[in-house]
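Colleague: I'd like to ask you about the structure that follows.
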Amino acid sequence: MTVNPELMGRRFELQEPYLVGREHVREFARAVFATNPIHTDLAAARAAGYADLVAPPTFTAVLQDRGLQLLLADPMVTFELKNIVHGDQKYEYARPVLAGDQLTTELEVTKVVARGRVNMIQATTVIRDINGETVVTSLATLVIGGEE
């Protein structure tokens, strides 16, 4: 299964900003066993100098996944989620994600490599706040295998 090289440069943007709620942060923190009270206790977060609860570092995977779902729905995509292995992931934070943030998400396919039965897509996801300031940039490498 060869990945269409014309995916290179394609961009996928969520239609509406994502409002980070306190309960989203608390639930995610519990799910990933993040025990620092700044994730679940508003008083602790404020005592640490934050305006609201601080999302665990991998929280933005929720938004990145939504961008990936848009990519997978693109007519140029001929592979399925079941054929994808997450090869690599990197995050660059400009600041922490806080409860109350309204975040926009744009995923761009920044590299397509086709090598026989194994193909790779590199996707860069930029998450910005409502003012357009970058909060986090994520770089993911997806390895796509399957039948030819």
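The values are calculated or read from the model by the stated rules, or taken from the named source; none is laboratory data. This structure is a prediction, so every number in the text was calculated from the model and none was measured. Every residue, glycine as well, gets a Cβ built from its backbone with ideal geometry; the counts of neighbours run over all protein chains shown. Note: accessible area is taken over every heavy atom of the protein model, side chains too, but ligands, DNA and RNA are not part of it. Shrake-Rupley method; radii C 1.70, N 1.55, O 1.52, S 1.80 Å.
Colleague: State to the nearest 20 debye the size of the charge dipole of the range 25-92 about its Cα centre, where the only charges are +1 on K and R beta carbons and -1 on D and E beta carbons.
Modeller: Details: 6 positive and 8 negative charges, 36 e Å.
Computed charge dipole of the range 25-92: roughly 180 debye.
Colleague: In the chain, if the dipole is taken from +1 on Lys/Arg beta carbons and -1 on Asp/Glu beta carbons about the Cα centre, which of Pro37, Leu14, Asn119 is farthest to the positive end?
Modeller: Pro37
Colleague: Let me spell out the model: positive unit charges on the Cβ of Lys and Arg, negative unit charges on the Cβ of Asp and Glu, origin at the Cα centre of the range 41-148. What dipole size does that give, in debye rounded to 20?
Modeller: Numbers: 9 positive and 14 negative charges, 45 e Å.
Using only the charged Cβ atoms, the result is roughly 220 debye.
Colleague: A further question follows. How big, in percent, is the set of alpha carbon pairs in the range 1-86 lying more than 18 Å apart?
Modeller: Tail fraction, whole percent: 56.
Colleague: I would also like to ask the following. Return one whole number: the accessible area per residue of the range 42-148 in Å², for a 1.4 Å probe.
Modeller: Working: 5350 Å² over 107 residues.
Here the residues of the range 42-148 average 50 Å² of exposed surface.
Colleague: Once the range 48-114 is represented by equal point scatterers at the alpha-carbon sites, with solvent omitted, what log10 I(q)/I(0) does the Debye formula produce at q = 0.17, 0.23 Å⁻¹?
Modeller: Values, matching the q order: -0.77, -1.17.
Colleague: What percent does the relative contact order of the chain come to when contacts are Cα pairs within less than 8 Å and at least six residues apart?
Modeller: Details: 306 pairs, mean separation 47.6, N = 148.
The value is 32 percent.
Colleague: Still on this structure, I have one more. In a Debye calculation with equal point scatterers on the alpha-carbon sites of the chain and no solvent, what is log10 I(q)/I(0) at q = 0.10 Å⁻¹?
Modeller: At q = 0.10 Å⁻¹ the computed log10 ratios are -0.39.
Colleague: If the elastic network links every pair of Cα atoms under 10 Å, which of Pro75, Pro57, Pro96 fluctuates the most in the Gaussian network model of the chain?
Modeller: Looking only at Pro75, Pro57, Pro96, the largest GNM fluctuation is found for Pro75.
Colleague: Let me have the 222 nm mean residue ellipticity of the chain computed from DSSP H runs of 4+ only, each contributing -39500 (n - 2.57), with the sum over all residues rounded to the nearest 500. Before the final figure, lay out the partial values.
Modeller: Details: 3 runs with 28 residues, N = 148.
Mean residue ellipticity, 222 nm, calculated: -5500 deg cm²/dmol.
Colleague: Over the range 1-84, what relative contact order in percent results from Cα pairs under 8 Å that are six or more residues apart? Don't jump to the answer; show the numbers that get you there.
Modeller: Values: 63 pairs, mean separation 28.3, N = 84.
Relative contact order here is 34 percent.
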